[in-house]
Structures are given as structure tokens and as C-alpha cells.
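*Asks:* Quick one: the structure is below, and I'll ask about it shortly.
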Amino acid sequence: MSIRLHELAKKIGMDNKELLALLKGRQYPVKTVSSTVDKITAEALEQEFGPKPPAAPAGGPAAPAAAAAAAVETKPAAAAGEPPAERAPAFTTHLPAGVFVRSAQDIAREKEELAKANRPQVVFPAPRPAASPVMRVTPTVTSRPPLAPRPPVAPPPARQAPMPAPFPPPVSRPPAPLPLFGAPVPASAAPPPPPAPPLAPPLPVPAATPHSAPPISRPLAVPPIPVHVSTPSVSVTAAGDVKIIHLKPPVIVRDFATALGLKPFKLISELMEMGIFASMNQSIEEAVAVQIAERHGCLLEIKHRGEAAAPAPAKEAPEKPVEDESKSLVPRPPVVCILGHVDHGKTSLLDAIRKAHVAAGEAGGITQHIGAYQVEFKGRKITFLDTPGHAAFNKMRARGASVTDIAVLVVAADDGFMPQTDEALKHAQNAKVALIVAVNKMDVKGANLDRVKAQMQERGIPPEDWGGETITVPVSATKEQGITELLDSILLQSDVLIQPKANPKAPAAGAIIESQIDVGRGPTATVIVQRGTLRTGDAIVCGPHFAKVRAMFDDQGEAVKEAPPSTPVKVIGWSGTPDSGALFTAVKNAREAERLAEEEQARLRKEVTTADSKPKEVSVEKLFAEIAASQAKVLRIVLKCDVSGSVEAVRQVLEGIKSQKVSLEIVAAEVGLVSKNDVQLAAAAGAVIVGFNTRLENGVTPLAKHHGVRVETYEIIYELGDQVRNMMADLLEPELKEIKQGAAEVRQIFPVAKGFAAGCLVTEGRVNRNAAARVRRGKEVMFEGRVGTLRRFKDDANEVRAGLECGIRLDGFDGYQAGDVIECLEIQKVRASL
């Protein structure tokens, strides 16, 4: 029977890494602390490094028992007269011969001597008869009678540092004795805290002492410029000798004059000299205000709405909370991401772990969202993230790998590594997370575990039993085999390699897993808390969106009041749908969260405006290209999805459709139900509404029919991509395809009333009346038209088959010659391809 190294290290009292290095030095085939050794090697290591049994004392084998009995009987007897606090414990340890054991009297005597030696160094000592007259005399060290043997070393500065604040020294002598012995302390009072005694000192203190303490302890800083401003929108700071005025528009004359340190009428006079007539309550232009401020040696900074102010150095976050936070770190549950190729059993494996059935409820049997779940195993919690395996959801897989601690790569035993498996492996390696390979479908016919391990070796992740460091667990999700071993491996990786920790007392922060709009709940988002504890009523902000947490629900749909680190919850109360993968942070209140969100919205609008306002180079080639693009076929789409991650994935699929004949333009891509506003937008843009895993609001169908707007909804992403391709192909003109039905050879020409007719023999196929026809003379085409007259002897015929003779006359052609071939064709319209 074998034993793992980390269990053996606990038995012999060694560190995991030390034991691993020792065995590697002795040429043992071990790689990690999860490797195993045989029982004989383990017993040898326990005998070599384990705790040694105590040596037998002199006197024979009966001596240890006698010594132990004597120790047990003597020590309680010696300590029977002692108080309970000083009674020596009765040790039952077997002591070697020659070891001296102190009695209870020796311990009590040593404690008493130690108390006498340290008594003068105690701050605010308990009153003693010898010390009471000293506390009422002048605090002079030389006149104090000796209380106890005192070492010549001065009191440590740590005990004197907090004293000068409440009692500043009025004399040149050291001030430490004054707060130490100068104030009387009641006999029943406990020692007060070091900063100040609870009562005022009875000794006469100079009148200037309490009033002079604040000037001495005040830090030296540049005094602020006294400016009286009538409105909170104006503030003044100083940068050296230059005064900086900060204000928000509009610039009012009275407030601006007060900030400049002028009387309002003087500022009005300056404005009149510049040809501007304004009263005290009127506003002036920003350029004029900047010019006047420069005249008076000031700088004017106008803060428009949405512009973030530069943070002041005095308001920077101190480093002390970071130090306190590091001391508050506690273990948290590991976050595990399930990655792999589509249809390799990721969701089924998670079902076996959760004892639920999720894959059966997915459209097409494939996962199209990120699901966050938390399970409990052996009294510990583990958080799982299930990611889609379809090629369109690569951003979801990357996002899932970036917020996790451990990545479980699911590989089917019968298929091995597939394209999405390699892509998921790259995501996990880029995120630098611990990797575990779960070989699923071991019960399927054709399962080959060794082939999967060989593919792992080729990709640089060799399994443990092949000399690598990657834990490989064979499982069967359908038969629930290997689930316990997989969870044990996850906990082992978490304890040995990762050791995840977080501070539950810090402000909450985490990542957005998925966001959507629920009917009756409004915008919601599934988040995973990475730091701190998120509680109901907290205010959080995520980019241009904010939320006051109205309610939280776990993965089972039950309401929870708080979410500690590594807990996934659905949050209700958002102002909009935040982007998947974005980070959120908690702020002090909802007003602060709304302000930060508005600032981010203004910044994004400013970026868009700046990009649109840049001058564009106009050339003849670009002009013709734009004209050609305006005349080309364009399919415009209004996209509506259930969650933000689906918007991201569907948009990627649609943008991946490339064609030189038809272009694709996404007018809008949002989360939620298909609304009437979407129909009006599509009608104005001439677009098609495409919904993915979403429904239509009431009244949308008749409104779309009235405006002639096409609405299509899909539940499987690859079906959506195929149908959009067909929509693009429908915009093109159909292609004409010729199908040869038959041919007739001209044998003789007959004159008729209106021209000539050709006597023919049908050589192949059939000839139909009113069918398209072509006269071919050798390799040259003489005429193309339609069969106007078709006769069999003297009767009109609709069709003449091969081997029969007939008379044929084409409309508009009389130039027949013997030997010509009349081909009968069928023209079919075929959908054009992209």
C-alpha cells in the first residue's frame, strides 16, 4: 500500500518541500508532493526522521514507571497549598534520568523575585505603602527613596513616547517621571491607557501648558490661502506662488470676483473696459474669465460636468490599510473552471458533481452561457464555472479561465484533444492557473486513456504517472465514476499549490460573469466576489453602470443576505447590463456610485465624439470606394440576446461572415426582449431583427407586420449563423442555369405562309413547345429564341421525344440549313452564393 508525500510529511513533522527535496536527492522517482511512496520506504523514513521514543533511565525497566508514579504523586502534593493560579501542572511525560524538575515552591519563589526586580519599570503601578509618600513630593529623581533594586538603564522610550501629548514638559528635566508618578492613582482603579490618565493631575500645572500642546503637536504645513467663496462650485488652491482657481460653469461675476480677491464693482469695471457689460449675478464667457485671471496672476481651471478632477496628494490612500488587510486574510473556497471541447461532457460532469440536470435544458444539448455553481465536499466549498465549448464562445472561455484558481480540462477518452480543447488549454496557460485533466467517457466504446496521455505529452503537459506534474483523473460523468477522486485532486491542488486567501472584511470587489434583463426584475448580473463581503444594500459600480443591491440569489435560486469571497450570486438592482468580464467595486453609498458611473459615461461619450470629430482624408479613390459601397448589397441587423455574453459571441459569429458581394452591418446589439422600439429602429434602418434565446414583447408582431420588418429568433448559435448567411445570399440576384432537355437535327427546309420551317429528327431527349431553343451550326450559335410552332405531321404537338420526326419553327428565325442542330433548353433560377 502506498502513501502520498504530504501525508507522510505530516506524520514525521517535516515540511512538504523539504521531504520532496530529500527524496529527490536520494534518487526516488517523485515529482510533486502528491506523488506516492511504498509502505517500506515510508516506515524507513518514519524511523529515521520521526519522533524518537524516550531513553530508558538507569535502574532497569521498572525505573521509568516508578519515576513517573513518583512525579505524579509528588507534584500535586507539593502544590496542594498553593493558590490555583500558581499551582504547577502535573506532567505525565516520561523524563530521562538526570533531569532536574523544579518544585512548586521553586516556581513561586522565582516569580516573586522576578516581580520585585521588574516593579519600578511598570507604568502606573498598584499603590504600595513605600511608594505613596513619593507620589506627593516634587518629581525629582535624586530625592526619591529607593523602592526596589533598580537597574541603571533609563526607562525605554516606548513607554515615554505617548506621555508628552497630554502633559507637555514645562521644565528642562526629563518629563517622563511627571506622568509616571506625578498624578495620584486610586487604589481600586485599573491602570489607564498610555495616552492620558483618566483624571486631571492635582499638582499645579502652568496655565500655558494645556493651551500650548496643540501648537507643538501641529504638523508643519503651508497655511491655506484664506478665500471666502459664496458658492461650493468654486475652490482655490495654491501651487507654490501661483493661485489656482477651480470652478464649474457658469462663471458668475460675484463668485469669480470673490475668488480673485476683488470687489465685484472692480471686476465689473474691468469687464466694461473690455466692452462687456454685466451685472453681479450675470455669467461671463470662459475665455474672458481665463484672460482676467491671467491679468491678476492666477490660473483658472474650469471643470465641466463629467470631467474627473486630479486627485490631491493629501487624499491618497494610506498604506496602513493594506498592511491590516494582509493580516486579515483567511482561506476562501477555490474557484474551478470547467473547460474543453463541445460535447466532451463538461456540463454532464458538473451535473454529476451537483446532482442536477443542466445539459438536458440547454438548446441543442450544448451550453451557451457561463454557469456559476457552488458545491460542498468533505465540509469544504468549491465554486465551479461551466463555460461553453462551441467555437463562437472563445471569449467566454478566456474570461472564465482568467477569474479562476484551477482549470479542469475535460477531454473525451474516445475523441482525444480537439480544436476547442487546445484553445481552452492556451487560455488556462495564459491565465497561469493550476491545471487538472479529467478524461471523461471512460465507459464509451473506443475509449483510449493512453492515447490521451500521449497527446498530453505532445502538448507539454505530461501526466504524473508519465513523469510529469499534471494530475490526470479518468472519470465517467454518466455513471458517476471518478467524481470523488476528481474533487480530492481539486482540494489537494488548492491546499498545496494555490492556498487561496481573501479578506472578508475589505470592501467588496469582484468580476461580472454574466448579465441579462429578467422580466419583472430588470437588469441583473451574475457576479463572483473575489475580495470582501457583498451584502444586501451595498452600492457597487461597474464602468458606466451602478447598482444598489436590492437582492441576491445563489445558484439554487434562494435569497441570500451576504456573499463572502469566492461566492457566485445573482445581483438585482442594476441601472443597466454591465459588460461580462468587467470588474465591480463597492463604494460608500448609492450617490457616490451614480456619480462615478456618470463620469465614466461622459468619458466614453467624449471618446466617441473625439473619434468622430477627427478630420478624415478625402481622396478620389476613397470617394469612389464609398460610392461603390453605398450601391452594394447590405444586410442590416438589429441583434437582441438574452445575456451580454451571448451578444459578444453572436456578434463575433456575424462579423466572421465575409463576402465581397454582400456586406453585413450590425445596427444595434443589446440585451433584453425584442421591443417596439427595436421594430421602429429596424424599420427606419431597413434592418432585420435577429433574436437569440429571447422573446418578443406584447404587440411587437403586429407592429412588425405593419412596418414590414422581418423578425427571426433562434436558440442555437450555429443555426443563427447559417440563416444569416442565407439572408445575405437572398439579397443577390439569382443565377440562371441552363439544363439541356433535348436536340433535333434539321433534315429538310419547308416553306410556310410566314417563312420557313425545319423538318427535324429528334436525336436525344425531347423537344417542347414554347421552350427556350438555340440553333447551332457546327460550333457557332446562330440564333437563340423560343420554339413557336411544333407539329407532328399535320397536328400541333406539345412534346416530341427522341427517334420521332417533327416540324419546328422558331419565332423570328428563317435561316435554317440542313445539318443544323436545334437544342431545347430549360432555364432555372438558382440562389446566388456568397
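*Asks:* Out of the residues in segment 469-481 that are touching a strand residue (DSSP E or B) at 6+ places or on another chain (Cβ under 6 Å) and either assigned to a helix (DSSP H, G or I) or open to solvent by less than 20 Å² (accessible area, probe 1.4 Å) (or both), which is farthest from ASP450 (Cα to Cα)?
*Replies:* If we take residues in segment 469-481 being touching a strand residue (DSSP E or B) at 6+ places or on another chain (Cβ under 6 Å) and either assigned to a helix (DSSP H, G or I) or open to solvent by less than 20 Å² (accessible area, probe 1.4 Å) (or both), then ALA477 is farthest from ASP450 (Cα to Cα).
*Asks:* List every residue pair whose Cβ atoms sit under 9 Å apart, with the two residues 6 or more apart in sequence or on different chains, where the first one lies in segment 407-422 and is without any contact (Cβ under 8 Å) to a residue 40 or more places away in the chain and closer than 19 Å to LEU385 by Cα and the second, anywhere, is open to solvent by less than 30 Å² (accessible area, probe 1.4 Å) and part of a loop (DSSP other than H, G, I, E, B).
*Replies:* ASP422/HIS341
*Asks:* Just the residues that are in a strand (DSSP E or B) and under 15 Å from ILE513 (Cα atoms), please, taken from segment 546-562.
*Replies:* Just the residues of segment 546-562 that are in a strand (DSSP E or B), to begin with: 546-553, 559-560, 562.
Within segment 546-562, MET552, PHE553 meet the criteria.
*Asks:* Now a separate question. With β-branched (Val, Ile, Thr), under 30 Å from ASP343 (Cα atoms) and open to solvent by 40 Å² or more (accessible area, probe 1.4 Å) as the only criterion, which of ILE498, ILE512 stands out? Walk me through it before giving the result.
*Replies:* On the way: ILE512 fails: open to solvent by 40 Å² or more (accessible area, probe 1.4 Å).
Result: ILE498 is the single residue among ILE498, ILE512 that is β-branched (Val, Ile, Thr), under 30 Å from ASP343 (Cα atoms) and open to solvent by 40 Å² or more (accessible area, probe 1.4 Å).
*Asks:* Only one of (1) small (Gly, Ala, Ser); (2) surrounded by fewer than 16 Cβ atoms within 10 Å (Cβ to Cβ); (3) out of contact with any helix residue (DSSP H, G or I) (no Cβ under 9 Å at 6 or more places or on another chain) is not met by ALA729, so which one is it?
*Replies:* Unmet for ALA729, out of (1) small (Gly, Ala, Ser); (2) surrounded by fewer than 16 Cβ atoms within 10 Å (Cβ to Cβ); (3) out of contact with any helix residue (DSSP H, G or I) (no Cβ under 9 Å at 6 or more places or on another chain): (2).
*Asks:* Could you please find all residues in segment 529-545 being part of a strand (DSSP E or B) and buried (at least 22 other Cβ atoms within 10 Å of the Cβ)? Give the steps one after another, and end with the answer.
*Replies:* In the first step, residues of segment 529-545 are kept if they are part of a strand (DSSP E or B); the result is 529-531, 534-535, 539-542, 545.
Within segment 529-545, VAL529, LEU534, ILE540, VAL541, CYS542, HIS545 meet the criteria.
Yes or no, residue by residue, for (1) over 31 Å from the mean Cα position of the chain (by Cα); (2) surrounded by 18 or more Cβ atoms within 10 Å (Cβ to Cβ):
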| position | (1), (2) |
| --- | --- |
| MET418 | no, no |
| ILE436 | no, yes |
| ARG451 | yes, no |
| ILE461 | no, yes |
| GLY467 | yes, no |
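*Asks:* Next up: Suppose the filter is surrounded by fewer than 17 Cβ atoms within 10 Å (Cβ to Cβ), touching a helix residue (DSSP H, G or I) at 6+ places or on another chain (Cβ under 7 Å) and part of a helix (DSSP H, G or I); does GLN457 pass it? Please lay out each step first, then the result.
*Replies:* Details: surrounded by fewer than 17 Cβ atoms within 10 Å (Cβ to Cβ): yes; touching a helix residue (DSSP H, G or I) at 6+ places or on another chain (Cβ under 7 Å): yes; part of a helix (DSSP H, G or I): yes.
Yes.
*Asks:* From the list TYR714, TYR718, which residue is under 30 Å from LEU635 (Cβ atoms) and open to solvent by less than 30 Å² (accessible area, probe 1.4 Å)?
*Replies:* On the way: TYR718 fails: open to solvent by less than 30 Å² (accessible area, probe 1.4 Å).
So the residue among TYR714, TYR718 that is under 30 Å from LEU635 (Cβ atoms) and open to solvent by less than 30 Å² (accessible area, probe 1.4 Å) is TYR714.
*Asks:* Next question, about the same structure. Confirm whether THR383 is in contact with a Phe, Trp or Tyr (Cβ under 8 Å, 6 or more places away or on another chain), open to solvent by less than 30 Å² (accessible area, probe 1.4 Å), closer than 27 Å to LEU583 by Cβ and at pLDDT 85 or above. Walk me through it before giving the result.
*Replies:* On the way: in contact with a Phe, Trp or Tyr (Cβ under 8 Å, 6 or more places away or on another chain): yes; open to solvent by less than 30 Å² (accessible area, probe 1.4 Å): yes; closer than 27 Å to LEU583 by Cβ: yes; at pLDDT 85 or above: yes.
Yes.
*Asks:* Looking at PRO523 and the list (1) part of a strand (DSSP E or B); (2) closer than 27 Å to LYS501 by Cα; (3) touching a Phe, Trp or Tyr at 6+ places or on another chain (Cβ under 9 Å), which single condition is not satisfied?
*Replies:* (2)
*Asks:* Scanning for something in contact with a Phe, Trp or Tyr (Cβ under 9 Å, 6 or more places away or on another chain), among the charged types (D, E, K, R) and not in a strand (DSSP E or B), does segment 487-508 turn up at least one residue? Don't jump to the end; show me each part of the working.
*Replies:* In the first step, residues of segment 487-508 are kept if they are in contact with a Phe, Trp or Tyr (Cβ under 9 Å, 6 or more places away or on another chain); the result is 487-488, 490-491, 508.
Right, trim to among the charged types (D, E, K, R) and you get 488.
So of that shortlist, the ones also not in a strand (DSSP E or B) come out as 488.
Within segment 487-508 (the criterion being in contact with a Phe, Trp or Tyr (Cβ under 9 Å, 6 or more places away or on another chain), among the charged types (D, E, K, R) and not in a strand (DSSP E or B)), the answer is yes, since at least one residue qualifies.
*Asks:* Give me a count of the residues in segment 755-795 that are more than 19 Å from GLY812 (Cα to Cα) and among the acidic types (Asp, Glu).
*Replies:* To start, the set of residues in segment 755-795 that are more than 19 Å from GLY812 (Cα to Cα) comprises 761-766, 778-779, 792-795.
Still in the list and also among the acidic types (Asp, Glu): 764, 795.
The total comes to 2.
*Asks:* Can THR470 be described as hydroxyl-bearing (Ser, Thr, Tyr) and farther than 24 Å from ASP415 by Cα?
*Replies:* No: the conditions fail for THR470.
*Asks:* So which of GLU780, GLU805, GLU784, GLU823 ends up being charged (D, E, K, R), buried (at least 18 other Cβ atoms within 10 Å of the Cβ) and over 60 Å from the mean Cα position of the chain (by Cα)?
*Replies:* On the way: GLU780 fails: buried (at least 18 other Cβ atoms within 10 Å of the Cβ); GLU805 fails: buried (at least 18 other Cβ atoms within 10 Å of the Cβ); GLU784 fails: buried (at least 18 other Cβ atoms within 10 Å of the Cβ).
Exactly one residue qualifies, and that residue is GLU823.
*Asks:* Still on this structure, I have one more. Within segment 343-362, track down each residue that is open to solvent by 20 Å² or more (accessible area, probe 1.4 Å) and either at pLDDT below 55 or of a type in the set (A, V, I, L, M) (or both).
*Replies:* Selection gives ILE353, ALA356, HIS357, VAL358, ALA359, ALA360, GLY361, GLU362.
*Asks:* On to the next question. Considering each residue of segment 260-286, count those that are under 14 Å from ILE245 (Cα atoms) and either open to solvent by 60 Å² or more (accessible area, probe 1.4 Å) or part of a loop (DSSP other than H, G, I, E, B) (or both), and give that number. Before the answer, list the steps.
*Replies:* Start the filter on segment 260-286 by keeping residues that are under 14 Å from ILE245 (Cα atoms), which leaves 260-262, 286.
Adding the requirement that they be either open to solvent by 60 Å² or more (accessible area, probe 1.4 Å) or part of a loop (DSSP other than H, G, I, E, B) (or both) leaves 261-262, 286.
Matching residues across segment 260-286 total 3.
*Asks:* Being of a type outside the set (A, V, I, L, M) and within 36 Å of the chain's Cα centre (by Cα) is the filter here; which residues of segment 710-754 pass it?
*Replies:* Step one: of segment 710-754, the residues of a type outside the set (A, V, I, L, M) are 710, 712-715, 718-719, 721-723, 725-726, 730, 733-735, 737-738, 740-742, 745, 747-748, 750-751, 754.
If the condition is that a residue be of a type outside the set (A, V, I, L, M) and within 36 Å of the chain's Cα centre (by Cα), then GLU712, THR713, TYR714, GLU715, TYR718, GLU719, GLY721, ASP722, GLN723, ARG725 are the ones that fit.
*Asks:* Right, next: Would you pick out the residues in segment 640-697 that are exposed (fewer than 15 other Cβ atoms within 10 Å of the Cβ) and on the phi > 0 side of the Ramachandran plot?
*Replies:* GLY686
The values are calculated or read from the model by the stated rules, or taken from the named source; none is laboratory data. If you're wondering where the values come from, they're calculated on a predicted model, not measured in any experiment. Cβ atoms come from the backbone with ideal geometry, glycine included; neighbour counts cover every protein chain shown. Side chains included, ligands, DNA and RNA excluded: accessible areas come from the protein's heavy atoms. Shrake-Rupley method; radii C 1.70, N 1.55, O 1.52, S 1.80 Å.
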